[in-house]
Amino acid sequence: MNATVRFAGLLRVFLALALSLSLFACATYTPPNPQINGVVDPAMLPSAVRTPQWDIGAVRYAWGGKGINYYEAGLTPALLLVRNKSGASPIVYAEECRGIGPGGVEYPPYPVAQAAEVVFASTAYKKSAEAAVVGGLTGAAVGAGLGALIGSGFNYGWGAGPGALIGAGIGAVGGAALTQQPSMEQYRATVYQDIATYAWRAAPIAPGGLMPGYLYFPANLGIHSLRVVLRYDQHAQTFIVPINNPVW
C-alpha cells in the first residue's frame, strides 16, 4: 500500500512538472496588444447612413507602419460599424454583404479561413514572418494591427475585448508575459487570430448597442462602398454604405 501511495505521489509530481514545462514552452512569445483608440461612432463618419433606427458606417483599413500591411498581403479589409437605436435586435450576415467597385461590380467578402490563406500565401506575409522569426523582432514590431481602428469600448462582440484576446493568444507563466521572438507556428497563429478576432460576427445587435467588425475583400479591386443587408423582426433593409477614410 505504501509503495502504491508513493508511486501515486511521484506520478502527480511528474504530471505537474510536465504541465509546467508545457506552459513554459507556450509562453516564449506573447503577441502584442493592438493600439486601441477611443470608441468609434458610425454617426461621426462623413458618409454614414443615418436612420431613426440605426447608424451604419464603414471605414477602410489603414496600415499603421508595423507588422503586416494587409493591402500588400492581398486583402482589402473594410470595418463595418452598426449602431442600433431601435428596440429591435437586428443582425447582419457577412455572407450577404458585398463590396462595390468601379462600375457597380459587386464582390462577396472572404470567409475568415480563406482570408487567412490569402495572407499566408502572400510575399508580404513571408517577409513579415521572416522579420519576426529570423530577424528576432518582438513586441509591437510583429503586431498585425487590425485593432488600430477599433475602440476600446467594443467589448460586446469579443467578450473580454479584442485587445485581451490578442494579448492572451499564447499563454504566459505566472502572469509574466515574455517577449522572446516567436516561432513560425506561433507567428502564423497570431496573424490568424488577429484576422478572426476582428472579423464581422453575425450576432444580434442589442438595443443601444454598437457592433464593429471587418469584412475582407480581395485587394486592388477599387472597392469604395458596401452593400449591407440588415435583418430584424421578419424584415430586411438594404443599405449602400460608402467606405470612409479614418477620421480619428
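Can you tell me which of 220-229, 207-216 comes out highest on packing, and rank the rest after it, using the mean Cβ neighbours within 10 Å? Could the numbers behind the result be given before it?
On the way: 220-229: 17.0, 207-216: 21.1.
With the highest mean Cβ count within 10 Å placed first, the list reads 207-216, 220-229.
Say each of D233 and Q114 gets a label point 7 Å from the Cα, pointing the same way as Cα to Cβ; how far apart are those two points in nm?
The two pseudo-label positions are separated by 3.4 nm.
Under the rule of at least 5 residues apart or a separate chain, name every residue whose amide H is placed under 5 Å from the amide H of Y61.
The answer is L79.
Between N245 and Y107, what is the FRET efficiency for a Förster distance of 22 Å, r being their Cβ-Cβ separation, to the nearest 0.05? Don't skip to the end; give the middle numbers.
On the way: r = 20 Å, r/R0 = 0.91.
The calculated FRET efficiency here is 0.65.
All other residues with a Cβ under 12 Å from the Cβ of L45 taken together, and with Lys, Arg as +1 and Asp, Glu as -1, what is their net charge?
So the environment of L45 carries a net charge of +1.
Could you list which residues have their amide H under 5 Å from that of F217, counting only those 5 or more apart in sequence or on another chain, with H placed in the peptide plane?
Under 5 Å from the amide H of F217 lie the amide H atoms of T76, A78, Y110, each far enough along the sequence or on another chain.
Which residues' amide hydrogens lie under 5 Å from the amide hydrogen of S225, considering only partners 5 or more residues apart or on another chain, with H built in the peptide plane?
I100, I243
When the Karplus curve 6.51 cos²θ - 1.76 cosθ + 1.60 is applied with θ = phi - 60°, which whole-Hz ³J(HN,Hα) does each residue of region 226-233 get, with x for Gly and Pro?
My calculation for region 226-233 gives 10, 9, 10, 9, 10, 10, 7, 6 Hz in order.
Can you give the net charge of the other residues whose Cβ lies under 14 Å from the Cβ of R98, counting K and R as +1 and D and E as -1?
-2
Values in this text are rule-based calculations from the coordinates and carry no lab data. In this text, all values refer to a predicted model and were calculated from it rather than measured experimentally. Glycine also receives a Cβ, built like all others from the backbone with ideal geometry; neighbour counts cover every protein chain displayed.
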